[in-house]
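These notes are about the structure you will find just below.
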Amino acid sequence: MAKGKAAVILVMLVIGAISGYFFYTRYVQGTVVLSISDPPLAQLGSGRQYDPSILHIYLTFARMEIHQGGLGNPSNSSWYTIVGSQKTVDMISVLTVPETLGSARLATGTYDELRFPVSAAVVTFSNIGNVTYTIPSGSLKVSVTGGGFQSSPGATVNLRLALSFDDNEILAMNGRLTPHATAQIVA
């Protein structure tokens, strides 16, 4: 009789431990804070990132999402929103000071990629005003360097999206901009 009670208690403890683990890893979440910068890639000898005639580079993002690794790329259920509403950033303003775009609570897991549609790209020139450009495919996917990061309960991860453009491509005014992008964890 004592062995039967001990077995029932042991089974209850195991079930409780498993339930606690799933609750803790699924519902006690970590946080990701996403910021953006235009890294300094100054033209050789000029000390400037972009030609002096370029006053602003406005990018408008429809939303920004992060992918949880191991859940598959094709499924939208593996993508989580960090920035859910349209946001416009002047890339010239983030040359020296990054801008926080948003944050999200994430379940425990590995996160390895960002995706974001770019709904508008407008460059303001000092001599001719605004020129509209398109981004190839209208959307970008950027892998997080180092294979991604691990979200864990109560932890905050600072993720920086570095986005820059080729000065010559902007000045060519061919209607297209191809961004150079990386995403990495920052302290």
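When the residues of the range 161-176 are filtered to those that are outside any strand (DSSP E or B) and crowded, with 19+ Cβ neighbours inside 10 Å, the one that is nearest to the chain's Cα centre (by Cα) is PHE165.
Restricted to the range 84-116, and to residues there that are open to solvent by 20 Å² or more (accessible area, probe 1.4 Å) and assigned to a loop (DSSP other than H, G, I, E, B), the residue that is nearest to ILE66 (Cα to Cα) is GLY84.
Of all residues in the range 137-146 being open to solvent by less than 60 Å² (accessible area, probe 1.4 Å) and of a type outside the set (Val, Ile, Thr), which is nearest to VAL33 (Cα to Cα)? So the residue we want is LEU140. Quick one: would you say ARG63 is closer than 13 Å to LEU34 by Cα, at pLDDT below 95, in contact with a Gly (Cβ under 8 Å, 6 or more places away or on another chain) and open to solvent by 40 Å² or more (accessible area, probe 1.4 Å)? Taking the combined requirement at face value, the residue satisfies it. As for the range 143-160, it holds no residue that is over 24 Å from the mean Cα position of the chain (by Cα) and modelled with pLDDT of 90 or more. Given the structure, is SER126 open to solvent by 50 Å² or more (accessible area, probe 1.4 Å) and within 18 Å of the chain's Cα centre (by Cα)? Against the criterion (open to solvent by 50 Å² or more (accessible area, probe 1.4 Å) and within 18 Å of the chain's Cα centre (by Cα)), SER126 does not qualify.
The values are calculated or read from the model by the stated rules, or taken from the named source; none is laboratory data. Bear in mind that the values here come from a model prediction, so they are computed numbers and not experimental data. We place every Cβ from the backbone using ideal geometry, glycine too, and count neighbours over all the protein chains shown. When the accessible area is computed, the model is the full protein with side chains, heavy atoms only, and any ligands, DNA or RNA have been set aside. Shrake-Rupley method; radii C 1.70, N 1.55, O 1.52, S 1.80 Å.
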